[in-house]
Amino acid sequence: LGRALTVSLRASTDPLPLAAVIRSNVASLDRDLAIAHLETVGASISQTLAPQRFNLTLMAAFALLALVLGTVGLYALVSFSVTQRTHEVGLRMALGAEPGDVLRMVVGQGFMLTLVGVGIGVAGALALTHFLSSLLYGVKPTDPVTFATIALALTLVMLIASYIPARRATKVDPMVALRHE
C-alpha cells in the first residue's frame, strides 16, 4: 500500500490514444493494479519546468517594465532639460547654431546620461549575479555576450528616447525662445 510504479513506454504515434490499450493490458495482467495517472514525457517535463518558466516570465516582465520606466524617465529628464534651456537653445540658434548642432548637443547629453546609467547598471548586475545564478540555465551569470547585448540595447533605446526632445529643440524659433524669459 502506498507504493507507486512508474512505467515508460515508447510509441511511434501519438501516445494518448494508446491509454485505453495500456489500461486494458495492465488490467489483463492484474485486476487489482490501478493506473493513477498517464501522461506523455513532454507533459511531465513541462510540469517539472513550470516553476522555472514562471520565474523566467516574471523576470522578463520586470525587465520589460524596467526598460519602459528607464526610457520614460530619460525622455522626461531630457525633455525637461530642453524645456528649461529654451532660452539658451534660442540664443544659440540666434547666434548661428545649426539645428544639427543643437541636435548633437541634446542627444550627446542624453548619451552621457545613458553611459553613466549603463555603467552603474552593469556594475550593479555584476555585483548581484550570485543571487540570480540559481535561476539561470545554459548561461553563465557573468556572460559577456549577454551583458554587451543588454548594454547596447539599453543604449539604443535611450538614444531614441533622447532624440525626440532633441528634434523638438531644433524647431525652437529663436525669437520666441529669446522672449521666453
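The values are calculated or read from the model by the stated rules, or taken from the named source; none is laboratory data. Because the structure is a prediction, the values reported are computed rather than measured. Because the Cβ atoms are built from the backbone with ideal geometry, glycine has one as well, and the counts that use them run over all protein chains shown. Side chains are part of the model used for accessible areas, which takes the heavy atoms of the whole protein and leaves out ligands, DNA and RNA. Shrake-Rupley method; radii C 1.70, N 1.55, O 1.52, S 1.80 Å.
Taking (1) out of contact with any helix residue (DSSP H, G or I) (no Cβ under 8 Å at 6 or more places or on another chain); (2) open to solvent by 60 Å² or more (accessible area, probe 1.4 Å) in turn, L33 satisfies each apart from (1). Of all residues in segment 105-145, those that are of a type outside the set (A, V, I, L, M), free of Cβ contacts under 8 Å to residues at least 24 places away in the same chain and open to solvent by 60 Å² or more (accessible area, probe 1.4 Å) total 7.
Residue count for segment 84-96, restricted to those that are surrounded by 17 or more Cβ atoms within 10 Å (Cβ to Cβ) and part of a loop (DSSP other than H, G, I, E, B): 1. Can you spot a residue in segment 8-20 that is hydroxyl-bearing (S, T, Y), open to solvent by 80 Å² or more (accessible area, probe 1.4 Å), assigned to a loop (DSSP other than H, G, I, E, B) and in contact (Cβ under 8 Å) with a residue 12 or more places away in the chain? Within segment 8-20, one or more residues are hydroxyl-bearing (S, T, Y), open to solvent by 80 Å² or more (accessible area, probe 1.4 Å), assigned to a loop (DSSP other than H, G, I, E, B) and in contact (Cβ under 8 Å) with a residue 12 or more places away in the chain. Restricting the first member to segment 55-83 and to residues that are open to solvent by less than 90 Å² (accessible area, probe 1.4 Å), and the second to residues that are of a type in the set (G, A, S), the beta-carbon pairs closer than 7 Å and six or more apart or on different chains are T71/A161; L74/G110; L74/A161; L74/S162; Y75/A161; V78/G110; V78/S162; V82/A169.
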